Ligand SMILES: Nc1ncnc2c1ncn2[C@@H]1O[C@H](COP(=O)(O)OP(=O)(O)OP(=O)(O)O)[C@@H](O)[C@H]1O
Ligand SMILES: [Mg+2]
């Protein structure tokens, strides 16, 4: 029996047979402001507070202080969890120019320190700027993928998708990600909405429908599409 890891995202687990598969890499793709960071933080926060799984949040986008401030709005007190040793927020900007393998070492070291079972890399797009060499990057990503699998660490990697893009354009989704989920901004009747689609989830008979996304002061929620 495969072990399911509850996502902490309200409404999602019911669409994917109870959660992500342990040790999987899930790509969360979406346009700007579509909720990728909130989704990922919630996965780490709920993992630590509700499911007894420590986690590492590696940010390349917002600096750690800004991330903590923004996420506090949803009641996600990352600073408190960090003090307790349940999570670690690492700001990879400090390793800029050091190369991809230094970044990977840093992340694995942080996971070891707190015996982390969940990892977020926000975002892959920014992470890869640490590695100008395409060949090295593919090799290293394969290596990290194997390592995370062996250790049973469930990982979310976010990925920014430009408006109108047909593919994620990274050339990694086919081999690196066990799952790809998309948060899509749509303008509907002069209103900005976000919808959610599971594009692939290996090993899971998942929903194939679009669902609505709502963001409230409690975080991000998937509102399942139902025929009325
Ligand atoms: N308190 C709140 N209540 C409701 N919606 C909010 C609240 N705070 C932020 N939002 C929404 O969440 C969006 C930001 O979400 P998030 O930072 O997760 O997006 P993102 O996909 O990571 O964006 P980026 O590509 O810029 O990193 C805001 O643009 C806003 O629409
Ligand atoms: Mg973000």
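The values are calculated or read from the model by the stated rules, or taken from the named source; none is laboratory data. These numbers were taken from a predicted model, which means no experiment stands behind them. Glycine gets a Cβ as well: all are built from the backbone with ideal geometry, and neighbour counts include every protein chain shown.
Odds and ends about this structure:
- Among the conditions (1) in a helix (DSSP H, G or I); (2) away from ligand 1 (no atom under 15 Å from the Cβ); (3) touching a helix residue (DSSP H, G or I) at 6+ places or on another chain (Cβ under 7 Å), the only one that residue 82 does not satisfy is (3).
- Considering residues of region 30-52 that are more than 16 Å from ligand 2 (Cβ to nearest atom) and surrounded by 23 or more Cβ atoms within 10 Å (Cβ to Cβ) only, the residue farthest from residue 13 (Cα to Cα): 48
- Residue in region 144-156 that is at pLDDT below 95 and at positive phi present: no
- The single residue among 94, 56, 89 that is more than 16 Å from ligand 2 (Cβ to nearest atom), in contact (Cβ under 8 Å) with a residue 24 or more places away in the chain, in contact with a helix residue (DSSP H, G or I) (Cβ under 9 Å, 6 or more places away or on another chain) and over 30 Å from residue 225 (Cα atoms) turns out to be 56.
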